[in-house]
1. Taking amide hydrogens as modeled 1.01 Å from N in the peptide plane, which residues meet the under 5 Å criterion relative to residue 39, leaving out close sequence neighbours?
2. Evaluate 2.2 N^0.38 Å with N set to the residue count of the stretch 231-386, then give the Cα radius of gyration divided by it.
3. Check which residues have an amide H placed less than 5 Å from residue 339's amide H, if you skip close sequence neighbours.
4. Show log10 I(q)/I(0) for the stretch 203-292 at q = 0.23, 0.24 Å⁻¹, two decimals, from a solvent-free Debye sum over equal Cα scatterers.
5. For the chain, set up a GNM with springs between Cα atoms under 10 Å and report which of 141, 286, 378 has the largest fluctuation.
6. Considering only C-alpha atoms, what is the centroid distance from the stretch 126-171 to the stretch 6-51, in Å?
7. Ignoring everything except DSSP H segments at least 4 long, calculate the 222 nm mean residue ellipticity for the chain; use -39,500 (n - 2.57) per segment, divide by total residues, nearest 500.
8. May I ask for the Kirkwood hydrodynamic radius of the chain, worked out over all distinct Cα pairs and given in angstroms to one decimal?
Amino acid sequence: MSSKADLIVGLQWGDEGKGKIVDHMAQTHDYVCRFAGGHNAGHTIVLDGKKYALHLIPSGILNPKAKNIVGNGVVLSPKDFIKEMTQFENLEGRLFLSDKAHLLLPYHALIDQAKERMKGEKAIGTTGKGIGPAYGDKIARVGHRLGELHHPQKLADKIEDFFVMNRLVFEAMGVEIPDKITLLEELKSYQESLGRFIVDTTQMMWKILSQNNKVLLEGAQGTMLDIDHGTYPYVTSSTTISAGACAGLGINPKDIGKVTGIAKAYCTRVGNGPFPSEDFGEAGKRIRENGHEYGTTTGRPRRCGWFDAVAARHAVRVNGVDQIALMKLDVLDGFEEIKVCIAYEVGGERIDYVPYDLEDATPIYRTFVGWSGSRGVRDFDALPQTAQSYIVALEEIVECKIHIVSTSPERDDTIVR
Ligand code: GDP
Ligand code: IMO
Ligand code: MG
């Protein structure tokens with residue numbers, strides 16, 4: 001009998017605290033597998049006071065027993081991956097990279113930044129890491145896969161041809177074309193560092209599931225940043241929702257078991273685009289400071305606001321979420337009143353779904369009584385009564401069970417109901 005994989009997915013605009021929950025759940029899983037995104041992701045794990053920021057390496061890496069797979073749906077920057085690897089020892093036999101994952105090379109980042117500059121006020125506010133251009137090349141069928149690193153000379157020649165063909169475009173964007181010899185040297189060094197980790201992870205996924213291993217699939221970004229179901233065009237370039245796990249790892253929908261959706265007890269967004277429940281006043285500032293809401297990847301201050309239950313319900317449905325992990329409850333400690341967006345007003349009408357353009361939506365709030373003293377609590381019954389009522393009400397509005405509540409960044413400050 002083969003096992004079914006558990007899946008973790010972000011329900012908001014990313015940075016929900018996926019890293020903490022993946023790390024928490026990795027304690028009972030044999031494999032942790034990333035299926036989408038690139039080093040635009042920043043997953044933070046705090047263990048005994050020490051902070052780890054992971055961008056591409058799956059968050060199972062801090063559990064010495066868990067093995068880690070980077071699937072074909074990921075765009076991988078070898079340079080950044082190699083840098084990230086230096087935080088850890090003995091990765092051999094614990095880390096596997098799909099030969100079909102696409103390469104994100106330094107010129108992708110230059111293109112990303114140039115395009116953002118050209119957009120001016122209409123910029124998406126990307127991380128500038130080259131994610132859009134790397135996925136763009138993949139979809140346009142001019143990308144390069146990790147498997148090609150095994151033949152650096154051939155790969156360098158192909159990239160060179162691509163530069164020649166697109167020279168005018170690069171010039172117009174002010175993007176410098178890399179020197180061929182430097183490029184070849186770079187590719188060779190990537191092959192030296194990463195070559196031994198590159199395998200057919202699709203076959204591996206099938207094998208580990210058929211051998212009944214406990215497998216955890218780690219999503220990156222969040223549902224509202226999904227290329228199809230997010231706030232297009234202010235999204236990332238990948239399928240961030242649970243469906244992306246199948247394409248991004250070569251498994252099928254029947255391989256997926258329990259889906260855990262991660263949401264903060266409030267909302268944040270980094271980058272531009274609609275965010276109806278954003279708070280521009282004192283409350284937003286206070287959430288930012290209490291929650292240290294500054295990007296793990298770019299250091300940018302995150303925009304902060306109230307829990308958006310309409311967006312969360314949309315995310316629960318689109319991902320098939322079985323249970324929610326509600327994160328950072330402690331950040332709301334000390335607020336007298338807490339608001340939740342329960343519907344939107346669009347063109348004078350009240351709606352309870354995510355409309356075509358969220359930019360047109362004005363939030364309709366329900367107000368809750370606040371609480372103090374939730375930080376570090378590990379037992380649901382020990383939470384302040386008003387915090388308990390808040391959680392129960394969210395379950396009703398979002399129509400999904402809140403199974404996990406997190407009350408600090410530390411692995412063990414986690415309530416499992
Ligand atoms: P991810 O991208 O979804 O993995 O989330 P990030 O790591 O980008 O952002 C979440 C931040 O919140 C990290 O700094 C975590 O250490 C922190 N965090 C996670 N859970 C909690 C919690 O329950 N309380 C507090 N105060 N911080 C938390
Ligand atoms: P994790 O996995 C929050 C946002 C960027 C920008 C948009 C497009 O840590 O939750 P991109 O560089 O992907 O082309 O940028 O998506 N973004 C994230 N926001 N958390 C993330 O990842 C994000 N990854 C991308 O800020 O608005
Ligand atoms: Mg993050």
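1. Sorted by chain and number, the residues that satisfy this are 77.
2. Numbers: Rg = 16.8 Å, N = 156, 2.2 N^0.38 = 15.0 Å.
After normalising by residue count via 2.2 N^0.38 Å, the value is 1.12.
3. The list, which skips near neighbours in sequence, is 368.
4. Calculated log10 I(q)/I(0) at the listed q: -1.16, -1.22.
5. 141
6. Spelled out, the Cα-based centre of one part sits 29 Å from the other.
7. Values: 12 runs with 127 residues, N = 417.
Result for the chain, helices only: -9000 deg cm²/dmol.
8. For the chain, inverting the mean 1/r across all distinct Cα pairs yields 22.0 Å.
Values quoted throughout were computed directly from the atomic coordinates according to the rules given, and no laboratory measurement underlies them. What you are looking at is a predicted structure, and each value in this text was computed from that prediction instead of being measured.
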